[in-house]
Amino acid sequence: MEARKICVLGDFATGKTSLVARFVHDSFLTTYHTTVGVKVDARDLVLADGRARRLAIWDVAGTGTPTELFLRYLRGASGYLLVADATRAETLERALEIRAAVESLLPAIPSVNLVNKVDLAERQELDEVRVARLAGAGEGWLRGSARTGENVERAFARLLERMERAA
């Protein structure tokens, strides 16, 4: 089985670890745990044509400023999931800064964008209009929730499809 390394990137406390837990273990973390450095997990998926892939998922510690060490985690990555927090508008701006840094290092690497925590409707700072305005033209953002599972499978599956097309 072929393996693909993907990185989950974004500002601190955007729910990256919870998204990975939902995707890999179908569970939700009710307490906040700061990721120090990187945490690696894995899940096997089968493509539409029957080929199997193991996703090595690197949950990279959140950062608002992409440092050289942060960018080193991307070495050997086939793609990345970029995460913003629907309850904190500034996390989208930081995600866009992270994307710009990644694109300068790896210009052709596939990615998927996800605004997490859409289940917290009463605390929303990022609705679809604001995301479109702040993110500008180009690829849209999925809206999802690690708590409910909304669009979590879809985000990782879409990323795998894009990585396969780019390979």
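Restricting attention to segment 8-23, report how many residues are buried (at least 22 other Cβ atoms within 10 Å of the Cβ), assigned to a helix (DSSP H, G or I) and among the aliphatic types (A, V, I, L, M).
2
Can you find, within segment 54-70, the residue that is modelled with the lowest pLDDT among those that are touching a helix residue (DSSP H, G or I) at 6+ places or on another chain (Cβ under 8 Å) and surrounded by fewer than 19 Cβ atoms within 10 Å (Cβ to Cβ)?
Among them, the one singled out is Gly64.
What tally of residues in segment 89-131 results from selecting those that are in a helix (DSSP H, G or I) and either in contact with a His (Cβ under 9 Å, 6 or more places away or on another chain) or more than 25 Å from Thr67 (Cβ to Cβ) (or both)?
Residues that pass the stated criteria total 7.
Could you list, in sequence order, the residues of segment 121-153 that are modelled with pLDDT of 95 or more and exposed (fewer than 14 other Cβ atoms within 10 Å of the Cβ)?
Thr148
Among the numbered criteria (1) surrounded by fewer than 16 Cβ atoms within 10 Å (Cβ to Cβ); (2) under 26 Å from Arg130 (Cα atoms); (3) of a type in the set (Asp, Glu), which single criterion is violated by Asp26?
Status for Asp26: all satisfied but (2).
Suppose the filter is surrounded by 19 or more Cβ atoms within 10 Å (Cβ to Cβ) and under 19 Å from Met163 (Cα atoms); does Lys5 pass it?
In short, yes.
Mind checking which residues of segment 36-88 are assigned to a loop (DSSP other than H, G, I, E, B) and within 14 Å of Ser18 (Cα to Cα)?
Scanning segment 36-88 gives Ala61, Gly62.
The values are calculated or read from the model by the stated rules, or taken from the named source; none is laboratory data. None of these values were measured; they are calculated from a predicted model. Ideal geometry is used to build each Cβ from the backbone, glycine not excepted, and the neighbour counts take in all protein chains shown.
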